[in-house]
1. Of all trypsin sites (Lys or Arg not before Pro) in the range A:1-70, which ones are in loop regions per DSSP and have a Cβ with at most 11 other Cβ atoms within 10 Å?
2. Give me a single rounded figure for A:50-58: the average over its residues of other chain Cβ atoms within 10 Å of their Cβ.
3. With just the Cα atoms defining each centre, how far is the range A:133-149 from the range B:222-256? Give it in Å.
4. Give the distance, in whole Å, between the Cα centre of the range A:151-173 and the Cα centre of the range B:99-152.
5. Counting only other chains, and only Cβ atoms inside 10 Å, what mean value do you get across the residues of B:19-27?
6. If I take every Cα pair under 8 Å that is 6 or more residues apart in the range B:112-218, average their sequence separation and divide by the length, what percent do I get for the relative contact order?
7. Looking at this model, which pairs from A:Lys4/B:Lys13; A:Lys17/A:Lys144; A:Lys58/A:Lys125 are more than 24 angstrom apart at the alpha-carbon?
8. Report the charge-dipole magnitude of the range B:117-224 in Debye, nearest 20, computed about the Cα centre from +1 at each Lys and Arg Cβ and -1 at each Asp and Glu Cβ.
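Values in this text are rule-based calculations from the coordinates and carry no lab data. Model, not experiment: these values are computed from the prediction. Here the Cβ positions follow ideal geometry from the backbone for every residue, glycine too, while neighbour counts run over all protein chains shown.
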Amino acid sequence: MKRKINEKILLYKIKTKKDPEAFGQLYDLYIEKIYRFIYFKVNSKEESEDLTSAVFLKVWSYLIEHKEKEVDSFSGLVYKIARNIVIDFYRSKAVHKEYPIDILEEIGEDDHNLYKIEMNQEVEKIMKDIKKLKYEYQEVITLKYVDDLEVSEIAEILDRSQTNIRVIMHRAIKKLKSFQENNK
Amino acid sequence: MSREIIEKIKQMKNYNGQINPDQVWIAKNREQMMTQIKNTVPEIKPKFNFKMVWQAIGIFIPNKIVYNVVRPLVVFILVGTLTTSGWIASVSATQNSLPGELGYSVKRATEKTQVVVASIISTEEVEAQIHMDLASKRAKEIKQVVVENKNNSIKNAQVAMVDLEKSIQTAEKKIKSVGETKPEKVLEVSKNVTEKAKEIKENLKNVEVQNNEIDTNKVQKITNEISIGAVELVVKKKEEGKVIISEEEVKKLVSDQIESISSDANIVQQKAEIVADQIVAVESLQTTSTTEVATSGLSMLENTVSTKSLVEGTSKTVADNIQQTEKSLTEAKTLVENNHLLEAIQKVKEVTQVNQEIAQAVKETQKAVIEVQSQINQQNLIVNTTTNIGSTIPVSTTTNIGSTTSVSTTIKIEEKN
């Protein structure tokens, strides 16, 4: 609740006073989450960084140019824009026939670049399993447990009902559980 | 099992590596982004508008509620408050306005509304009180108009005088109606009426002294009538047993009326004395004027004759009536002592009538005297001007030339020194 009120105050400052510092504070709050959100989708550090930068610039432009539009939550807005930017990124790659390894290996493929980092075996396994999940399952799982968003926020970002999100979460966890059991 | 999986997922973000962004990149990217967005911000700070208020409220309340409930409600309250306070402020600001001023029509409109509302929701005794209050207000206005003596003060005073008469007449009807329908309320109404009548008379007391073109006799008459009428009603209802009031109290009410009319008689007597003095002054002026301007003396002599005859006639009437008034008042007091209250009131009524006649006679005499006085003054002015033209002008011119020269010489000497 406190976080939401703080975000709304910062949003108010941006919309009414065009306060860059307030936007800077929101950037600090969301940069890691958005990077991770994008990284899970593009699996490339460089592209994640570029797309994350683009997301924040687009959010700023949206807030300044669409002052009359109501923004209920900053998280909803920033994740929606991030999602759209990722979709545009894929489209652009498809047009130029640049099939990125990340997309080709979207589900079920090992990404060695991703796993070059040091992490224990268990986490490595769960990341592999998440990668095996359906795209929408991945989104919901990462938004909920990695980025700590509430179900209502995820529902807003993904344009689905909260019940639907809970069902997806349940199914995703069930699927992960089956993967874990198979691994044993 | 599910919990373990969830815990593992949550741990993912704690590991360094590509899944989490590089802290150096975060800082660098922030710097770049801030530079970029600062360039898009105009230096002029945005001005305040009401949308900011709704957005600020939206921080704590969901936007849907803000725009669909809070905003209409606030606007409604604001408009209501502004309208009401504006109206109240305007109306209260006009409460001190006088006839002839801009706000006076608003003041009268408010009062008329008050009367209409009272006629719908109030009892007749309250209505009588309201009309007496209004009459008292008018009397105060007349006094103020005369004291301020601005343009059209006579006309404005007359406007208020007409309204005052109407208010008293309406109040009189209401009192009669109260006497018939609610005799138990007669005492309360009577007290209020006599009190207000006293205020009205007090305010009008010096109006004629300040401006003798204003005639307050009629208003004084109806004010006295309503006051005496109210007391008479109390006495009658007491005799009928419909009003509970002690002998002493009712006697006091009648005695107050006798005192009041006695005071009026004294005022009229004083006015008569003032007019008598004016007559003497005019007579002496007439004598002087006649000797000075023998040629134009015909019209003056005519005036002298007419004024004298009027004055003699009036003086006789006044003297007779004052004598009669004093006699009647003494009789009225005796009647009160002997508990013949209705007879005493009848005497008071007679005295009021006589007093009114005296006041009227004095007023007319005064008018005649003033008219003659102004004519004499006019004649004297013509005579004086003719005399001045022959003698004063050459003398004063010579004096001026001499004095101017001497002054300029003095200045030159001072400059040389």
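1. Those that pass, being in a loop and sparsely packed, are A:Lys69.
2. Counting Cβ atoms of other protein chains within 10 Å of each residue's Cβ and averaging gives 2.
3. Cα centroid of the range A:133-149 versus Cα centroid of the range B:222-256: 96 Å apart.
4. 73 Å
5. Mean shielding count: 6.
6. In percent, rounded to a whole number, it is 36.
7. Correct reply: A:Lys17/A:Lys144; A:Lys58/A:Lys125.
8. It works out to roughly 140 debye.
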